Amino acid sequence: MKYLITGGAGFIGSHTADALVARGDSVVILDNLSTGNHHNIEHLIGNELVTFYSGSILDSALVDRLVADVDHVVHLAAAVGVFTIVDKPLDSLRTNLHGTENILDAAQKHDKPVLIASSSEVYGKNGGGALNEESDRIVGSPLKSRWSYSEAKAIDESLGYFYYSELGVPVRIVRFFNTVGPRQVGSYGMVVPRFVSAALAGEPLEIYGTGEQSRCFCHVADAVAGMLSVIDGDQSVGSVYNIGNDREISIAALASLVISRLESKSAVVKKSYDDAYGAGFEDMQRRVPDISKIKSVTGWAPSRSLESIIDDIAGDLRHAGL
Ligand SMILES: NC(=O)c1ccc[n+]([C@@H]2O[C@H](COP(=O)([O-])OP(=O)(O)OC[C@H]3O[C@@H](n4cnc5c(N)ncnc54)[C@H](O)[C@@H]3O)[C@@H](O)[C@H]2O)c1
């Protein structure tokens, strides 16, 4: 099989390319290297199964040409990370809306199946209990840049779903919850790599808000395996699947775990959300995935621990000399 991976030089994308190549598939990577990095895929360059295009999903002619030439599209390219979205809301919206529409138009024209990467951000502030695929979205004002990513990903899902139900395009959708691991960078607001790199450098770990808010973290290798189980499943077309790990931990406990695991002497400091992200930033108290749907449809479940995630990120950062 030949796959187009948009965003294939990014964090999840490069691990997806590794996994597909490892099973003997060909991959075509399209990435504009905005948050992705050539370094993530340089070990693949030269492999006859891999082709890299530097370009944008907003270039509809390029997208059309690349989609025409593959068997399947894995659409991961997006403007991501809280800092990116808050700093450049308009660019982010354009990438996440028009880019996805370009992919779906080309998939329809050339009759190709598509996997769309959505996000647990679609649930917004819904921090009730474990969130299943039918859980409500609770989001703040559309004028707050914080929520524009949630809005765009939700519209991407709707677009994908209606391209499937009205136009017959074989679309599958996954909602990644916090996915972490090697090659992820902390500078866009990702908490685990941010903590790990601070702990390695002996610098303070900055907790935004009280630290009582909790999250769940899934190893990228688990997340990619989950996504491939959806891509490979005939019964998963026209549906959406949560992908995440349901072990919950508070951000304060995460900071302590990172420090003890890495035997770091770093201190922990608190910073207000306003100072971290600008005035009026809203966050959710909990975000826990209900992954029973994907378990029952594809049989996938995560297997890697948070401790192994911390070890892997630390190993990666040490290797990179960071
Ligand atoms: N990492 C997570 O925890 C997480 C959680 C939920 C959803 N997701 C989704 O998974 C996907 C991959 O995210 P990631 O964490 O690997 O982030 P990432 O930033 O590493 O990957 C995104 C990639 O898209 C590329 N890109 C951005 N704009 C582009 C454009 N116009 N044209 C071509 N390429 C472009 C970037 O350069 C980058 O390589 C995204 O769709 C994201 O919304 C990730």
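The values are calculated or read from the model by the stated rules, or taken from the named source; none is laboratory data. In this text the structure is predicted, and so the values were computed from the model without any measurement. So basically every Cβ, Gly included, is an ideal-geometry build from the backbone, and we count neighbours across all protein chains shown.
Got at least one residue in the stretch 184-199 being without any contact (Cβ under 8 Å) to a residue 60 or more places away in the chain and out of contact with any helix residue (DSSP H, G or I) (no Cβ under 6 Å at 6 or more places or on another chain)? The answer is no, given that none of the residues of the stretch 184-199 is without any contact (Cβ under 8 Å) to a residue 60 or more places away in the chain and out of contact with any helix residue (DSSP H, G or I) (no Cβ under 6 Å at 6 or more places or on another chain). Candidates L159, L115: the one that is over 30 Å from L49 (Cα atoms) and hydrophobic (A, V, I, L, M, F, W, C) is L159.
So that you can scan it fast, the table gives a plain yes or no per residue for (1) within 16 Å of S236 (Cα to Cα); (2) β-branched (V, I, T); (3) touching a residue at least 60 places away in the same chain (Cβ under 8 Å); (4) in a helix (DSSP H, G or I):
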| residue | (1), (2), (3), (4) |
| --- | --- |
| P142 | no, no, no, no |
| R146 | no, no, yes, yes |
| A152 | no, no, yes, yes |
| I155 | no, yes, no, yes |
| G160 | yes, no, yes, yes |
| Y163 | yes, no, no, yes |
| E166 | no, no, no, yes |
| V169 | yes, yes, yes, no |
| I173 | yes, yes, yes, no |
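Of the residues examined, L76 is not one that is out of contact with any strand residue (DSSP E or B) (no Cβ under 8 Å at 6 or more places or on another chain) and within 11 Å of the ligand (Cβ to nearest atom). Restricting attention to the stretch 26-47 and to residues that are over 20 Å from R65 (Cβ atoms) and away from the ligand (no atom under 14 Å from the Cβ), the residue that is surrounded by the fewest Cβ atoms within 10 Å (Cβ to Cβ) turns out to be G46. Residues that are surrounded by 15 or more Cβ atoms within 10 Å (Cβ to Cβ) and away from the ligand (no atom under 15 Å from the Cβ) were ranked within the stretch 62-73; the one that is nearest to G226 (Cα to Cα) is H72.
Listed here are the residues, each with its yes/no results for (1) touching a His at 6+ places or on another chain (Cβ under 8 Å); (2) within 9 Å of the ligand (Cβ to nearest atom); (3) at positive phi; (4) free of Cβ contacts under 8 Å to residues at least 60 places away in the same chain.
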| site | (1), (2), (3), (4) |
| --- | --- |
| L49 | no, no, no, yes |
| S56 | no, yes, no, yes |
| S60 | no, no, no, yes |
| I103 | yes, no, no, no |
| A106 | no, no, no, yes |
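Against the test of being crowded, with 21+ Cβ neighbours inside 10 Å, among the hydroxyl-bearing types (S, T, Y) and closer than 19 Å to L104 by Cα, the options S158, S165, S236 yield a single qualifying residue, S236. In a residue-by-residue description of the stretch 289-308, the property of being of a type in the set (F, W, Y) and buried (at least 20 other Cβ atoms within 10 Å of the Cβ) applies to at least one position. The set of residues in the stretch 131-152 that are away from the ligand (no atom under 16 Å from the Cβ) and within 19 Å of the chain's Cα centre (by Cα) contains only N132. The test for being modelled with pLDDT under 95, away from the ligand (no atom under 13 Å from the Cβ) and buried (at least 18 other Cβ atoms within 10 Å of the Cβ) does not hold for V192.
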